[in-house]
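Submitted below is the structure of interest, expressed as structure tokens.
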Amino acid sequence: MNRLTASQITASLAVLLLATGGALMIGAGPIDIILPVLAGLAVLIIAAGGQSRASGLPATVAETADIVAHPDFRGLLEGISDPLMLIERGRIVAANRAAQRLLGAHIEGEDARIAIRHPAAAERLASQAPMAEPVMIELVGLGTRDQRWQMRIAPVGEDGHVRRLVHLADHSGAHAAEKMRVDFVANASHELRTPLAGILGFIETLADPDLGRDTETRQRFLKIMDGEARRMQRLIDDLISLSRIEAEKYRVPDSAVDLSGLVAEVVGVFRTSHGTRGREVEMEIAPDLPAVQGDRAQLSQLLHNLVGNSVKYGRAGTPIRVTLNEGPSGMTRLCVTDEGEGIGPDHLPRLTERFYRVDSGRSRAVGGTGLGLAIVKHIVERHRGRLDIASVLGKGTTITILLPRMAVEEKTVVGKA
């Protein structure tokens, strides 16, 4: 029903009054005039009331603008940092910049199954069936091979539009952390279980009335038990040290450390405490090197781990060289080189993983815990430095570390007037 405007209502009242006056002039009776007048007024009142009610109502559904055409729609998409897409009947009608960086700048207007090439997502993206609630799907390999995403598909608007809002959340970091935790617990349990089982077995043997009287057997078993107990102690110490370093990884150390003096101190310890092999440790330190920005205790631990590895795994009778000089980009370069058996290229990327060993039997025989280079890596990361491992089979290994120098504060000299 069409509604009358205010001007139309005013004009209708004027015409009604003129008609009433004309009817009176030609001698019409009161009854003949009143009934038509009342009917006209009733129609005008109804029209006026409908107009006032219509003016107070919001726009109808038919008159509502499409959400995609709304001027704030693109800004709403870009307000989400995760990849976000609006899909209608299986085709991407809008995507924010994060989605375009992940899947390609051309994805708008493309079939969603082609943009997101994943079997687990294809059926849901192509489906036009009504959705009662959002659906979660785990995707692996989208973007890069190891990335893990959680895709949330939610219905938008009326069922007739068949629109879906697709949100991708990157869960790669959480998955990696959980995997690291599981691996860490499994490896640590294994590393502790082996020496503990040996100690318990020897205790049972020594508790035997007959075997326990044999002095030679008792001394041999006690020596092995002592070695296993010390190995467990080293492992626990390394685990505690690693956890402390990781707890401080986001707090950059701010002390000035004389790395030249620290290198000389650590090399001196090895020369005096590791016999003939320790005396094969050589050092070359460039003069007048500035202090580095760091944590002295952690840098000392780093040096002990690096030189200790070279002492353990380098060939006897060959030198271990520790050099300290100026590095690129205003950093200080530390190198530790040995002439050992070297490490194969397939092992190099994994050397800094917890409990990773190139030769497990040899590592345990020399007292290694499998955590030394993992500790070194985390110390370097906390110091915002760089770590590089280069090795040639049959020739040896060189570990290079770059550490930032301590910033020199400029002092302003205030002159007297």
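The values are calculated or read from the model by the stated rules, or taken from the named source; none is laboratory data. Everything quoted here is computed from the prediction, not taken from an experiment. Virtual Cβ from ideal backbone geometry, glycine too; neighbours counted across all protein chains shown. Note: accessible area is taken over every heavy atom of the protein model, side chains too, but ligands, DNA and RNA are not part of it. Shrake-Rupley method; radii C 1.70, N 1.55, O 1.52, S 1.80 Å.
Filter region 313-331 down to the residues that are assigned to a strand (DSSP E or B), over 18 Å from K377 (Cβ atoms) and either out of contact with any Gly (no Cβ under 7 Å at 6 or more places or on another chain) or open to solvent by 20 Å² or more (accessible area, probe 1.4 Å) (or both) and list them by number.
As a first pass, look at region 313-331 and keep what is assigned to a strand (DSSP E or B): 314, 320-326, 331.
Subset that is over 18 Å from K377 (Cβ atoms): 314, 320-326.
Scanning region 313-331 gives R321, V322, T323, L324, N325, E326.
Of all residues in region 92-126, which are touching a residue at least 24 places away in the same chain (Cβ under 8 Å) and assigned to a loop (DSSP other than H, G, I, E, B)?
Residues satisfying the conditions are I116, H118.
Could you say whether any residue in region 209-231 is among the aromatic types (F, W, Y), under 23 Å from R382 (Cα atoms) and either modelled with pLDDT of 80 or more or open to solvent by 50 Å² or more (accessible area, probe 1.4 Å) (or both)? Outline the logic, then answer.
The first filter runs over region 209-231 and keeps only residues among the aromatic types (F, W, Y), leaving 221.
Remaining after also requiring under 23 Å from R382 (Cα atoms): none.
No; the residues of region 209-231 include none that is among the aromatic types (F, W, Y), under 23 Å from R382 (Cα atoms) and either modelled with pLDDT of 80 or more or open to solvent by 50 Å² or more (accessible area, probe 1.4 Å) (or both).
For region 185-198, give me each residue that is hydrophobic (A, V, I, L, M, F, W, C) and either open to solvent by less than 70 Å² (accessible area, probe 1.4 Å) or not in a helix (DSSP H, G or I) (or both).
Residues of region 185-198 hydrophobic (A, V, I, L, M, F, W, C): 185-186, 188, 192, 196-197.
Result: A186, A188, L192, A197.
Among the residues of region 247-268, which ones are assigned to a helix (DSSP H, G or I) and open to solvent by less than 60 Å² (accessible area, probe 1.4 Å)?
As a first pass, look at region 247-268 and keep what is assigned to a helix (DSSP H, G or I): 247, 259-268.
Matches in region 247-268: L259, S260, G261, L262, V263, A264, V266, V267, G268.
Same structure, new question: For region 133-142: of the residues being of a type outside the set (A, V, I, L, M, F, W, C) and within 20 Å of Q100 (Cα to Cα), which is most open to solvent (accessible area, probe 1.4 Å)?
Taking region 133-142 and keeping what is of a type outside the set (A, V, I, L, M, F, W, C), we get 133-134, 138, 141.
Then keep just the ones that are within 20 Å of Q100 (Cα to Cα); that gives 138, 141.
Numbers: E138: 110, G141: 37 Å².
Result: E138.
May I ask you to list the residues in region 269-298 that are part of a strand (DSSP E or B) and either hydrophobic (A, V, I, L, M, F, W, C) or over 21 Å from E326 (Cα atoms) (or both)? Outline the logic, then answer.
So the first thing to find is which residues in region 269-298 are part of a strand (DSSP E or B), and the list is 281-285, 292-294.
Matches in region 269-298: V281, M283, I285, V292.
Got a number for residues in region 277-293 being more than 15 Å from V336 (Cβ to Cβ) and free of Cβ contacts under 8 Å to residues at least 40 places away in the same chain? Outline the logic, then answer.
Keep residues of region 277-293 that are more than 15 Å from V336 (Cβ to Cβ), which gives 279, 286-293.
Next cut, free of Cβ contacts under 8 Å to residues at least 40 places away in the same chain only: 279, 287-288.
Summing the residues that are more than 15 Å from V336 (Cβ to Cβ) and free of Cβ contacts under 8 Å to residues at least 40 places away in the same chain in region 277-293 gives 3.
Do you know which of the residues in region 396-417 that are at pLDDT below 90 and among the charged types (D, E, K, R) is nearest to P253 (Cα to Cα)?
Across region 396-417, the extreme among qualifying residues is E409.
Further question: Of everything in region 109-126 that's on the phi < 0 side of the Ramachandran plot, open to solvent by 40 Å² or more (accessible area, probe 1.4 Å) and not charged (D, E, K, R), which residue is modelled with the highest pLDDT?
Among those that are on the phi < 0 side of the Ramachandran plot, open to solvent by 40 Å² or more (accessible area, probe 1.4 Å) and not charged (D, E, K, R), it is I114.
Condition check ((1) free of Cβ contacts under 8 Å to residues at least 40 places away in the same chain; (2) within 33 Å of the chain's Cα centre (by Cα); (3) within 19 Å of E353 (Cα to Cα)) across all residues:
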| site | (1), (2), (3) |
| --- | --- |
| A207 | yes, no, no |
| S241 | no, yes, yes |
| Y250 | yes, yes, no |
| V257 | no, yes, no |
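Now a separate question. Filter region 217-239 for residues that are within 16 Å of F184 (Cα to Cα) and in contact (Cβ under 8 Å) with a residue 60 or more places away in the chain and give the result.
L235, D238, L239
Report yes if R163 is over 30 Å from S243 (Cα atoms), over 27 Å from the mean Cα position of the chain (by Cα) and of a type in the set (K, R), otherwise no. Break it down into steps so the answer makes sense when it comes.
Numbers: over 30 Å from S243 (Cα atoms): yes; over 27 Å from the mean Cα position of the chain (by Cα): yes; of a type in the set (K, R): yes.
Answer is yes for this residue.
Here is a check on your reading of the model: is V307 part of a strand (DSSP E or B), modelled with pLDDT of 90 or more and open to solvent by less than 60 Å² (accessible area, probe 1.4 Å)?
Values: part of a strand (DSSP E or B): no; modelled with pLDDT of 90 or more: yes; open to solvent by less than 60 Å² (accessible area, probe 1.4 Å): yes.
No.
Give region 388-405 a look and list any residue that's assigned to a loop (DSSP other than H, G, I, E, B) and either hydrophobic (A, V, I, L, M, F, W, C) or buried (at least 17 other Cβ atoms within 10 Å of the Cβ) (or both), or say none.
Hit for region 388-405 is L393, nothing else.
Sort out which residues of region 373-393 are among the small types (G, A, S) and touching a strand residue (DSSP E or B) at 6+ places or on another chain (Cβ under 9 Å), and write them in order of number. Let's see the steps before the verdict.
First, pick out the residues of region 373-393 that are among the small types (G, A, S): 374, 385, 390-391.
Result: G385, A390, S391.
Another question, then. In region 71-89, how many residues are without any contact (Cβ under 8 Å) to a residue 60 or more places away in the chain and either open to solvent by 100 Å² or more (accessible area, probe 1.4 Å) or part of a loop (DSSP other than H, G, I, E, B) (or both)? So that I can check it myself, show each step before the final result.
Start the filter on region 71-89 by keeping residues that are without any contact (Cβ under 8 Å) to a residue 60 or more places away in the chain, which leaves 71-79, 81.
Within this subset, residues satisfying the condition of being either open to solvent by 100 Å² or more (accessible area, probe 1.4 Å) or part of a loop (DSSP other than H, G, I, E, B) (or both) are 71-72, 76, 79, 81.
Within region 71-89, residues that are without any contact (Cβ under 8 Å) to a residue 60 or more places away in the chain and either open to solvent by 100 Å² or more (accessible area, probe 1.4 Å) or part of a loop (DSSP other than H, G, I, E, B) (or both) number 5.
Residues are listed down the side, and each one gets a yes or a no for (1) surrounded by 15 or more Cβ atoms within 10 Å (Cβ to Cβ); (2) modelled with pLDDT of 85 or more; (3) assigned to a strand (DSSP E or B):
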residue	(1), (2), (3)
Q128	no, no, no
M131	yes, no, no
T144	no, no, no
W149	yes, yes, yes
R164	yes, yes, yes
A169	no, yes, yes
G173	no, no, no
A176	no, no, no
